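Contents: one structure, followed by commentary.
The values are calculated or read from the model by the stated rules, or taken from the named source; none is laboratory data. All figures in this text were calculated on a predicted structure; none of them were measured in a lab. Neighbour counts run over all protein chains shown; Cβ positions are idealised from the backbone, glycine included.
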C-alpha cells in the first residue's frame with residue numbers, strides 16, 4: 001500500500017492510496033476520507049461508486065461529501081471505476097474499457113483478464129480497508145452516481161447483510177434495456193449469458209428481491225441521459241416491491257456534480273440515520 | 001350558510017359550516033380551519049379531500065393538520081365526500097353512494113341527480129369559500145387520502161393554473177384498473193364512457209399530462225389496500241413523465257390516520273413552500 005497523498009479535510013484526513021490488486025491484476029488507486037473520530041476507533045463506512053470516465057478523484061474533489069461525512073463521523077471511500085495500466089485492454093469509446101468497468105466481472109476477451117470490478121469492490125477492497133484503516137466493516141452503506149449508482153444498487157441488493165442503506169444519484173437503472181448496459185454486458189459478459197445480465201440490472205433486481213434496508217434515489221429531470229438511465233423502470237419496481245424507499249425527481253437538475261453536490265447532504269444524512277440506528 | 005360550530009384551535013379557528021349546494025342539490029357540510037393570520041387578510045388555502053366512508057369530520061379531528069397549517073399561516077378546508085340527505089341515492093356497500101362520491105360528476109341513474117362532487121369541489125365550494133372567508137384563491141394547493149388522494153391528484157392535473165402543488169397519502173392511483181374505481185366508474189359514469197374513466201385516473205393523467213407544480217406522494221408498505229391502490233402505476237408514470245416530485249414508500253405504515261398524521265407535517269411544509277414561493 002502506497003500513500004499517494006494525505007490532506008487535512010474537515011478535521012479529518014482525505015487520503016489517496018495505491019495498492020496491488022489481485023482481483024484486477026494491476027495497481028488500483030482509491031480515495032478515503034477519515035473523519036476526526038477515526039483517531040479514536042473504527043467509524044462507519046460509506047462507499048461512493050463513480051460513473052463513466054471517472055477515476056477515484058472526481059467525486060473526491062467535486063461531490064462535496066466530506067463536510068457531511070465529517071459532521072456525522074463517517075468515512076467515505078472513492079474507488080476507481082476500472083482497472084488501469086498500459087497492459088489493460090481499452091476501447092476508443094468513453095463507455096467501454098478504462099473508466100467504464102460497470103462493476104461486473106468480465107468473462108469475455110479481451111476484458112476478462114483485468115476487468116473484475118465486482119470482485120474488487122465487493123471482496124478485495126473491503127478486506128484492504130478493514131485491515132488497514134479505522135473503519136467499522138459491520139456498519140457499511142453505499143451510494144453512487146450514474147454507472148456508480150448502478151453499481152451501488154446492484155451490489156447492495158446482492159449483499160443485503162452487508163449494507164444498511166443504499167442510495168443513488170441518477171443511476172443507470174435498467175441496463176439490460178439501455179445502450180448504457182447492452183453494449184457493455186455484451187462485451188464483458190457475452191451475448192448469451194442473459195442470467196448474468198439480469199444479475200446486474202437494478203430494476204430487475206428490485207422487482208425480484210428488493211433491498212433489506214432503506215433506499216434513496218435522486219434523479220434530475222433535466223438530465224441529458226434520461227433515456228439511457230430509465231428511472232421509470234426503477235421507480236415502478238420500487239413501488240411494486242413496496243420497497244422502503246424514496247424516489248425523488250429533482251426539477252431542473254442535470255447529470256453533473258452540481259446535481260450530486262446539491263443533494264449530497266441529504267444522502268449522507270440518510271445513510272447516517274441507518275448507520276447509527 | 002349556517003355555522004355549525006367554531007372552536008379556537010392553534011391560535012386560529014376551526015369552523016364547521018353547512019350550505020345549500022346547487023351542484024349536489026342538497027345541503028353540504030365542510031370544515032375550515034383559519035389560522036390567526038386570516039384576521040389580518042386572506043391567507044393561502046390547502047384542500048384536504050377525504051377517503052371512502054369519511055365525512056368532513058374525520059380528517060378535521062384526526063389528521064393533525066391544524067398545528068402545521070397554523071405554523072405556516074395556511075387555511076385548510078375539509079369537504080364532505082358525497083351528497084347527503086334522505087332523498088340522496090345510496091348503496092349497501094361502503095364504497096358506493098354516500099361517503100363514496102369519488103370526486104366525479106355522475107351521469108348515470110340513480111346517481112346523476114346528486115352525485116356531482118367534481119363540480120362541487122372544483123367550482124361551487126371554491127366560490128363559496130372565496131366569497132365568505134379570508135382565503136386567497138390565488139394561492140391554493142391540494143392534498144387528500146385514498147379516494148381523496150385520487151381526487152386531489154385528478155383535480156390538480158385538470159387545474160394546473162389553480163393549484164401550486166399537490167400531494168397525496170396512499171391515493172387510489174390507477175382506478176381504471178382497480179376494484180376501487182371500476183365499480184364506481186361503471187355506476188357513476190357508465191360502462192361505455194371510457195374517456196370519462198381515463199379523465200379520472202391519476203396514473204393515466206400523470207402519463208399523459210403530468211402536473212405543473214411539485215408532487216409529493218406517501219404510501220405505507222403495510223397498507224392493507226395496496227392491491228387496490230396500485231401505487232406502482234403512479235410511481236412509474238411520475239418517473240416516466242419526469243414529474244417534479246417525490247414518491248415515498250413508508251416502511252411499516254398502514255392506511256390509517258396514524259399514517260396520515262405522522263407525515264402531515266411534511267405535506268403541509270411541502271405545500272407551504274409552494275404557496276409562499
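The set of residues in the stretch B:264-277 being within 12 Å of chain A (Cβ to nearest Cβ) and under 17 Å from residue B:220 (Cα atoms) consists of B:266 alone. Among all residues of the stretch A:248-267, there is at least one that is surrounded by 22 or more Cβ atoms within 10 Å (Cβ to Cβ) and within 20 Å of residue A:159 (Cβ to Cβ). In this structure, residue B:238 does satisfy being in a helix (DSSP H, G or I), within 11 Å of chain A (Cβ to nearest Cβ), in contact with a strand residue (DSSP E or B) (Cβ under 8 Å, 6 or more places away or on another chain) and buried (at least 18 other Cβ atoms within 10 Å of the Cβ).
In the stretch A:26-47, the count of residues that are farther than 27 Å from residue A:264 by Cα and modelled with pLDDT of 95 or more is one or more. Say whether the condition of being within 14 Å of chain A (Cβ to nearest Cβ), over 24 Å from residue B:258 (Cα atoms) and crowded, with 21+ Cβ neighbours inside 10 Å is met by at least one residue in the stretch B:152-172. Scanning the stretch B:152-172 turns up at least one residue that is within 14 Å of chain A (Cβ to nearest Cβ), over 24 Å from residue B:258 (Cα atoms) and crowded, with 21+ Cβ neighbours inside 10 Å.
Among the strands (runs of 3 or more DSSP E) lying completely within the stretch B:17-123, list those that include at least 2 residues that are farther than 27 Å from residue B:273 by Cβ.
Numbers: elements: B:26-34, B:43-49, B:75-78.
Correct list: B:26-34.
If only residues of the stretch A:208-231 that are more than 20 Å from the chain's Cα centre (by Cα) and either part of a helix (DSSP H, G or I) or at positive phi (or both) are counted, the one that is farthest from the other protein chains (Cβ to nearest Cβ) is A:208.
Taking the stretch B:66-80 as the range and being at pLDDT 95 or above and in contact with a strand residue (DSSP E or B) (Cβ under 7 Å, 6 or more places away or on another chain) as the test, the residues that pass are B:69, B:70, B:73, B:74, B:75, B:76, B:77, B:78, B:79, B:80.
Any residue that is within 12 Å of chain A (Cβ to nearest Cβ) and under 18 Å from residue A:235 (Cβ atoms) - is there at least one of those in the stretch B:251-263? Within the stretch B:251-263, one or more residues are within 12 Å of chain A (Cβ to nearest Cβ) and under 18 Å from residue A:235 (Cβ atoms).
So which of A:12, A:99 is buried (at least 16 other Cβ atoms within 10 Å of the Cβ) and at pLDDT below 95?
Values: A:99 fails: at pLDDT below 95.
Of the residues listed, the single one that is buried (at least 16 other Cβ atoms within 10 Å of the Cβ) and at pLDDT below 95 is A:12.
Among the residues of the stretch A:72-85, is any over 24 Å from residue A:182 (Cβ atoms) and free of Cβ contacts under 8 Å to residues at least 24 places away in the same chain? So far as the stretch A:72-85 goes, no, none of its residues is over 24 Å from residue A:182 (Cβ atoms) and free of Cβ contacts under 8 Å to residues at least 24 places away in the same chain.
From the list B:186, B:198, which one is at pLDDT 95 or above, more than 8 Å from chain A (Cβ to nearest Cβ) and touching a helix residue (DSSP H, G or I) at 6+ places or on another chain (Cβ under 8 Å)? Spell out how you get there, then give the answer.
Working: B:186 fails: touching a helix residue (DSSP H, G or I) at 6+ places or on another chain (Cβ under 8 Å).
Going through B:186, B:198 in turn, the sole match is B:198.
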